[in-house]
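Novice: Just dropping this structure here.
The values are calculated or read from the model by the stated rules, or taken from the named source; none is laboratory data. What you see is a predicted model, and the numbers here were worked out from it, not measured in a lab. Quick reminder, even Gly has a Cβ in these numbers, built from the backbone with ideal geometry, and neighbours come from all protein chains shown.
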Amino acid sequence: MTPKAFKCGLVVGKFSPLHKGHEYLIQHAFDQCDDVVIISYSRPEFASCSSNVRERWIKARFPSAIVLSIDAATVESWRADSAWTLEMPRNTEGDQVHRQFTYSLIAKKLGLKIDAIFTSEGYGDGFAKFLSDRTLGFGYHIGHICVDLNREKVPVSGSLMRSSPAPNTDLIDDEILIDFSIQKICFLGGESTGKSTLSQVLSEKFKEPLVAEYGRELWEEKNGDLTPGDLIDICTVQTSREDIAQQKAKNFIFCDTSPLTTLCYSEALFHQRCNVINAYAERPYHHIFLCEPDFPFMQDGTRRDDDFRLLQHNWYLRELANKNMDFIRLSGSISQRVEKVTSIITKQSF
């Protein structure tokens, strides 16, 4: 057998979603390397393309790859528990920031050495030079293999996939397309604003998965005696359940809350704005619906009072605006809200 050109190659990308152009690039890396490291991160992430989902896609297509698929919450947990100091850079930050972050992932988190990078981008030469630097990088030559820079072999990009109302099925694996096409619908609101009832009704109406509020389950299990660490666990379980539901859905999943709710309770209960929870709260959805507090307040034994409900509502308004998250306000009866949500979400399904 002819030895391959490189021992260990690197491919980095958002993979949101993983498409045939990505697969073409990764296969080139496998053709020329004994081992291939695939790193995936994006900040912000894109709806239906969470780090766990991206990892699942990559491992299904390239089971022998060394895969590190991460999100901002993962990185913040590293920063809280270890000597890791770097924040996950936002997509808009400069090349040097991303190069340093990626080098640290390879050398410090994975403990690996590479000798080549594979890209389909113009930044590849500069990236390889940085990784080769004696002070900033590995201190030895890292090769750059540029594959299909002009997208002639596989005319596709992630941004094109995300913006298309009907992605070209020849350019993405069928199973990934089904996964990627699921709309994630999130309901937010203060206590006793009907979001749980609304999400349940819509789940039954469309016969699609409901992601119930894990925080309430844990609150009841622990008789209301939650700790700050419990709130991080709530985010972890809640988002994991969303990813599992995505595999079972046909068109939609209905989420009765998001990590933004957990952040609200972190501030209200513990006067803390935990960095890990704040990172979880960046999680995107195709549609966010904010339920207005226009129902009579109903006490079920777990809730506080109408003043707190209004405080929560105003907090959501501020926080959604600060995070630049688009949302739609829902008011009126449950049937009126169901009608409005149905009208909006059925306009955009693939």
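Novice: Could you check, for segment 67-77, whether at least one of its residues is part of a loop (DSSP other than H, G, I, E, B), under 18 Å from the mean Cα position of the chain (by Cα) and at pLDDT 95 or above?
Specialist: Yes, segment 67-77 contains a residue that is part of a loop (DSSP other than H, G, I, E, B), under 18 Å from the mean Cα position of the chain (by Cα) and at pLDDT 95 or above.
Novice: Additional query: So which residues in segment 204-235 are without any contact (Cβ under 8 Å) to a residue 60 or more places away in the chain, surrounded by 14 or more Cβ atoms within 10 Å (Cβ to Cβ) and not aliphatic (A, V, I, L, M), if there are any at all?
Specialist: Matches in segment 204-235: Phe206, Glu208, Pro209, Glu213, Tyr214, Gly215, Asp230, Asp233.
Novice: Looking only at segment 140-193, count every residue that is part of a loop (DSSP other than H, G, I, E, B), modelled with pLDDT of 95 or more and within 30 Å of Tyr265 (Cα to Cα) and tell me the total.
Specialist: 1
Novice: Given (1) in contact with a Lys or Arg (Cβ under 6 Å, 6 or more places away or on another chain); (2) under 14 Å from Val12 (Cβ atoms), where does Val97 come up short, assuming only one miss?
Specialist: Result: Val97 fails condition (1) only.
Novice: Assess whether Phe327 counts as being modelled with pLDDT under 95 and either touching a Cys at 6+ places or on another chain (Cβ under 9 Å) or surrounded by 11 or more Cβ atoms within 10 Å (Cβ to Cβ) (or both). Spell out how you get there, then give the answer.
Specialist: Working: modelled with pLDDT under 95: no; either touching a Cys at 6+ places or on another chain (Cβ under 9 Å) or surrounded by 11 or more Cβ atoms within 10 Å (Cβ to Cβ) (or both): yes.
Here the answer is no, as Phe327 does not meet what is asked.
Novice: Could you tell me which numbered condition Val37 fails, if it satisfies all but one of (1) touching a residue at least 40 places away in the same chain (Cβ under 8 Å); (2) part of a helix (DSSP H, G or I)?
Specialist: Among (1) touching a residue at least 40 places away in the same chain (Cβ under 8 Å); (2) part of a helix (DSSP H, G or I), Val37 violates only (2).
Novice: Moving on to the next point. Within the set of pairs 6 or more residues apart or between chains, which connect a residue that is farther than 21 Å from Ala212 by Cβ inside segment 248-276 to a residue that is outside any loop (DSSP other than H, G, I, E, B) and β-branched (Val, Ile, Thr) with Cβ atoms less than 8 Å apart?
Specialist: Qualifying pairs under 8 Å: Cys274/Ile232; Val276/Ile232.
Novice: Would you mind telling me which numbered condition in (1) out of contact with any helix residue (DSSP H, G or I) (no Cβ under 9 Å at 6 or more places or on another chain); (2) at pLDDT below 95; (3) of a type in the set (D, E, K, R) Arg54 fails?
Specialist: All conditions are met except number (2).
Novice: Right, here's the next one. Does Ala245 meet the test of being surrounded by fewer than 16 Cβ atoms within 10 Å (Cβ to Cβ) and assigned to a helix (DSSP H, G or I)?
Specialist: Spelling it out, it is not the case that Ala245 is surrounded by fewer than 16 Cβ atoms within 10 Å (Cβ to Cβ) and assigned to a helix (DSSP H, G or I).
Novice: Further, regarding this structure: With the requirement that a residue be in the same structural domain as Asp326 (by TED's automatic domain parsing), of a type in the set (Asp, Glu) and out of contact with any Ser or Thr (no Cβ under 9 Å at 6 or more places or on another chain), what does segment 171-207 give you?
Specialist: Glu204
Novice: Within segment 257-290, work out how many residues are charged (D, E, K, R) and either crowded, with 23+ Cβ neighbours inside 10 Å or part of a helix (DSSP H, G or I) (or both).
Specialist: 2
Novice: Any idea which residue in segment 338-347 is surrounded by the most Cβ atoms within 10 Å (Cβ to Cβ), counting only those that are over 14 Å from Cys186 (Cβ atoms) and in contact (Cβ under 8 Å) with a residue 24 or more places away in the chain?
Specialist: Result: Val338.
Novice: Continuing with the same structure: Out of the residues in segment 194-203 that are among the small types (Gly, Ala, Ser) and modelled with pLDDT of 95 or more, state the one that is surrounded by the fewest Cβ atoms within 10 Å (Cβ to Cβ).
Specialist: Ser203
Novice: May I ask you to list the residues in segment 46-66 that are in a loop (DSSP other than H, G, I, E, B), among the polar types (S, T, N, Q) and either crowded, with 23+ Cβ neighbours inside 10 Å or touching a residue at least 60 places away in the same chain (Cβ under 8 Å) (or both)? Write out each step before concluding.
Specialist: Going residue by residue through segment 46-66, those that are in a loop (DSSP other than H, G, I, E, B) are 46-50, 62-65.
Filter again for among the polar types (S, T, N, Q), leaving 48, 50, 64.
Those that are in a loop (DSSP other than H, G, I, E, B), among the polar types (S, T, N, Q) and either crowded, with 23+ Cβ neighbours inside 10 Å or touching a residue at least 60 places away in the same chain (Cβ under 8 Å) (or both): Ser48, Ser50.
Novice: Continuing with this model, one more query. In this structure, is Leu105 surrounded by 13 or more Cβ atoms within 10 Å (Cβ to Cβ) and touching a strand residue (DSSP E or B) at 6+ places or on another chain (Cβ under 8 Å)? Step through it out loud before you land on a result.
Specialist: Values: surrounded by 13 or more Cβ atoms within 10 Å (Cβ to Cβ): yes; touching a strand residue (DSSP E or B) at 6+ places or on another chain (Cβ under 8 Å): yes.
Yes: the conditions hold for Leu105.
Novice: Given the conditions (1) part of a loop (DSSP other than H, G, I, E, B); (2) under 21 Å from Ala47 (Cβ atoms), and given that Gly137 satisfies all but one, which numbered condition is not satisfied?
Specialist: Only one criterion in (1) part of a loop (DSSP other than H, G, I, E, B); (2) under 21 Å from Ala47 (Cβ atoms) is unmet by Gly137, namely (2).
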